[in-house]
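Here is the structure we will look at, set down as structure tokens.
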Amino acid sequence: MFKINDNYQKLPGSYLFSTVAKKVNAYQTANPDKKIIRLGIGDVTQPLAPAIIEALHSAVDEMGVAETFKGYAPDLGYEFLRSAIAKGDYASRGTDIAADEIFVSDGAKCDCANIQELFSLDSKIAVCDPVYPVYVDSNAMAGRTGTYNFDTEKWSNVIYMPCTVENDFVPELPKETPDLIYLCYPNNPSGSTLTRDQLQVWVDYANKVGAVILFDAAYEAYISEADVPHTIYECEGARTCAIEMRSFSKNAGFTGVRLGFTVIPKDLKCGDVSLHSMWARRHGTKYNGAPYIIQKAGAAVYTPEGKAQLAQQVAYYMNNAKVIKEGLKDAGYTFTGGVNAPYIWLKTPNNMTSWEFFDYLLERANVVGTPGSGFGPSGEGYFRLTAFGTYENTVEAIERIKKL
Ligand SMILES: *Cc1c(COP(=O)(O)O)cnc(C)c1O
């Protein structure tokens, strides 16, 4: 008789975005004439840039010719893409990540969820609170997080590092020593960042206590301030304590195309076992590789045309962020973010809970955002708006919010 993985039963029921969708659907059904504007979901809206479309077309044509047809992709990804990444994302930032330390994947979400497989089941994880839910959920499914308390909305065996207005959204070093530290900067949902010096403190700490930092840099392309690092390897000593996850979703619109990568430096070791060789083993066994066509499209991101076109897309979204910030400021809201990330994180007015404010915005302004409490207990009383909509919708949504 088979048995199931009981850890799945411990996960709290409904996922944030399914509850949001249910509420929006119910409201729209009851009010079919209302135009609802979504400033909630972390998905892009701009179409793929011409340089990427061109690369996709030519790769498709190659697949139809015997001489240039490609079957299974190499385990770590095609050399042309890994070299483009090493040069464009790492050498250009003065860091020494080699092409063979890069593992191409079908997106950062899978990597963020799967990376915990490298570590012992009794590893203790630390996460910022609030944060992207994938880190905790994947560890919960693996059985690493203890029991879930529905009152505190916390797992018994997770170290939560609150990031709130009080500490300017910068987590303090934990009192209890973790084995794995998940950091996401620029942060989803708060849009906050760490400076290079602030991140260096974490790298020093991890090396000192023998922890690994799992650094999610999905929003790297949105960084506008000079003292915010684009990669954790800008910090000294990161090669011996940090893994970095990156995505083509938010910088190049690949949310439906699927491409990402993970960096594991060869210096990152547990005794004499290298995590790089473990992940290579995993890739060889459990991973099919991102398709050639998609990896070709990914390489186009690093061409001069691709870079210029994508910089325009990022600028488009960040202009939306400006519209949101200026509107919220006029309306008297307190908020952070929108400078190095496409997210604006606001404090709900009049001590409303996150879900109360969600309902209020939906019903009074027909605007959909994301309740902060869905990203962790310290997100209660906060609310996320995203700059990923169209300009026209963003302007209209903000006009409505200003009239409330
Ligand atoms: C969107 C997002 C990802 C997921 O990226 P994919 O490559 O689309 O899987 C990873 N991390 C964070 C913080 C994100 O917001």
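The values are calculated or read from the model by the stated rules, or taken from the named source; none is laboratory data. From a predicted model like this one, the values you see are computed outputs, not experimental measurements. Glycine also receives a Cβ, built like all others from the backbone with ideal geometry; neighbour counts cover every protein chain displayed. Calculation scope for accessible area: heavy atoms of the full protein, side chains included, ligands and nucleic acids excluded. Shrake-Rupley method; radii C 1.70, N 1.55, O 1.52, S 1.80 Å.
Summary of computed values
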{"item": "Some residue of segment 229-238 being modelled with pLDDT of 95 or more, closer than 27 Å to residue 205 by Cα, β-branched (Val, Ile, Thr) and part of a helix (DSSP H, G or I)", "result": "yes"}
{"item": "Index of the failed condition, residue 245 passing every other in (1) assigned to a helix (DSSP H, G or I); (2) in contact with a helix residue (DSSP H, G or I) (Cβ under 8 Å, 6 or more places away or on another chain)", "result": "(1)"}
{"item": "Out of 306, 332, sole residue that is under 30 Å from residue 395 (Cβ atoms) and not in a helix (DSSP H, G or I)", "result": "332"}
{"item": "Among the residues listed as 215, 254, the single one being surrounded by 17 or more Cβ atoms within 10 Å (Cβ to Cβ), part of a loop (DSSP other than H, G, I, E, B), among the aromatic types (Phe, Trp, Tyr) and within 16 Å of the ligand (Cβ to nearest atom)", "result": "254"}
{"item": "Residue 208 being among the charged types (D, E, K, R), assigned to a loop (DSSP other than H, G, I, E, B) and either more than 11 Å from the ligand (Cβ to nearest atom) or modelled with pLDDT of 95 or more (or both)", "result": "no"}
{"item": "Qualifying residues in segment 61-82 (those that are in contact with a Lys or Arg (Cβ under 9 Å, 6 or more places away or on another chain) and hydrophobic (A, V, I, L, M, F, W, C)) - the one surrounded by the most Cβ atoms within 10 Å (Cβ to Cβ)", "result": "81"}
{"item": "Residues of segment 95-114 satisfying the condition of being under 22 Å from residue 12 (Cβ atoms) and either open to solvent by less than 10 Å² (accessible area, probe 1.4 Å) or in contact with a Pro (Cβ under 9 Å, 6 or more places away or on another chain) (or both)", "result": "112"}
{"item": "Residue that is least open to solvent (accessible area, probe 1.4 Å) [pool: residues in segment 337-351 that are in contact with a Phe, Trp or Tyr (Cβ under 8 Å, 6 or more places away or on another chain) and farther than 20 Å from residue 43 by Cα]", "result": "348"}
{"item": "Sole residue being of a type in the set (Val, Ile, Thr) and away from the ligand (no atom under 16 Å from the Cβ), chosen from 240, 193", "result": "240"}
{"item": "Number of positions in segment 346-374 that are touching a Leu at 6+ places or on another chain (Cβ under 8 Å), modelled with pLDDT of 95 or more and under 24 Å from residue 134 (Cα atoms)", "result": "5"}
{"item": "Enumeration of residues in segment 115-135 that are open to solvent by 20 Å² or more (accessible area, probe 1.4 Å), away from the ligand (no atom under 16 Å from the Cβ) and in a loop (DSSP other than H, G, I, E, B)", "result": "119, 120, 121, 122, 124"}
{"item": "Test: residue in segment 136-143 that is away from the ligand (no atom under 16 Å from the Cβ), in a loop (DSSP other than H, G, I, E, B) and open to solvent by less than 70 Å² (accessible area, probe 1.4 Å)", "result": "yes"}
